[in-house]
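The values are calculated or read from the model by the stated rules, or taken from the named source; none is laboratory data. Please read these numbers as outputs of a predicted model, since none were measured by experiment. Every residue, glycine as well, gets a Cβ built from its backbone with ideal geometry; the counts of neighbours run over all protein chains shown. Just so you know, the surface numbers come from the protein's heavy atoms only, side chains and all, with ligands and any DNA or RNA stripped out. Shrake-Rupley method; radii C 1.70, N 1.55, O 1.52, S 1.80 Å.
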Amino acid sequence: MTSIAIIGAGPQMGLAIARTFGTQGLDVALISRNREKLDGLVDTLTAEGITAAAFPANVLDHDALTQALKDAATRFDGIDVLEYSPLAMESTVLATPAESDPSHIQHEIEVQLYGAMAATKAVLPAMREAGTGTLLYTTGAGSLDPLPMVGNVNAAAAALRNWVVNLHKELDGTGIQVAHVAIDVALGGASIDPTLRRATPEAVSSVYWDLHTTKRDQAEIVYRG
């Protein structure tokens, strides 16, 4: 298996991760809701000599997400690396802990945790059979040190982090690397937390390659620049 599937692929971290792995010879499967945006990313990567293809799917639709990953595995003869980092801010209602209704957190749980579980279930059996593979999951640093203004988002991110670290423990010794990346910097544009350092997506993406190659025993990296 020599491909990476990036779920939540976009023009910042998704593209940077695609370049980092693509320049090392991995084929790239890009998965998100918007076919037009995916096609633009594919064109960009293709022009750079990286083999990439688009597989549109919404992480809230587990059947569609599973099928997209199956199609990617068929296209590229398996998936060696899964990276999960969907971002749906346009559908997110930000709420502090005191303001949060269960529905505010439930939506985020469905995007961050349940989508990750569905994606993992789709690729893990083949990785188990092969005795190798890498599963990487991304959140903001609020999964460890939450900010009240995004309390509902942080609660779901913390749930995902807990699940990922536990999965790392469960799969220890199987040849499958599982790790969580918490990004504690601002990537372009305006940031909710003005105190954050800024970093380029390209600088952060090297962390993912390290977790896949030389730091396979680590369950987590917090990137602070």
So which of VAL59, VAL28 ends up being in contact with a Gly (Cβ under 7 Å, 6 or more places away or on another chain), without any contact (Cβ under 8 Å) to a residue 60 or more places away in the chain, under 25 Å from VAL164 (Cα atoms) and not in a helix (DSSP H, G or I)? VAL28
Scan the range 145-164 and tell me whether some residue there is buried (at least 16 other Cβ atoms within 10 Å of the Cβ), at pLDDT below 95, under 14 Å from the mean Cα position of the chain (by Cα) and not in a helix (DSSP H, G or I). no
Would you confirm whether any residue within the range 40-50 is open to solvent by 50 Å² or more (accessible area, probe 1.4 Å) and closer than 25 Å to ALA182 by Cα? no
Selection within the range 1-25 - hydroxyl-bearing (Ser, Thr, Tyr) and not in a helix (DSSP H, G or I): THR2, SER3, THR23
The range 195-208: number of residues that are buried (at least 20 other Cβ atoms within 10 Å of the Cβ) and either closer than 24 Å to LYS169 by Cα or out of contact with any helix residue (DSSP H, G or I) (no Cβ under 7 Å at 6 or more places or on another chain) (or both): 3
Does the range 200-225 hold any residues that are of a type in the set (Gly, Ala, Ser) and on the phi < 0 side of the Ramachandran plot, and which are they? ALA203, SER205, SER206, ALA219
Is it true that some residue in the range 106-119 is among the acidic types (Asp, Glu), open to solvent by 40 Å² or more (accessible area, probe 1.4 Å), more than 20 Å from LEU30 (Cβ to Cβ) and at pLDDT below 95? no
Please list, ordered by first then second residue, the pairs with beta carbon atoms under 7 Å, 6 or more apart or interchain, first in the range 161-176 and under 21 Å from SER143 (Cβ atoms) and without any contact (Cβ under 8 Å) to a residue 60 or more places away in the chain, second assigned to a helix (DSSP H, G or I) and hydrophobic (A, V, I, L, M, F, W, C). TRP163/LEU113
For the subset of the range 74-105 comprising residues that are in contact (Cβ under 8 Å) with a residue 60 or more places away in the chain and among the small types (Gly, Ala, Ser), which member is least open to solvent (accessible area, probe 1.4 Å)? GLY78
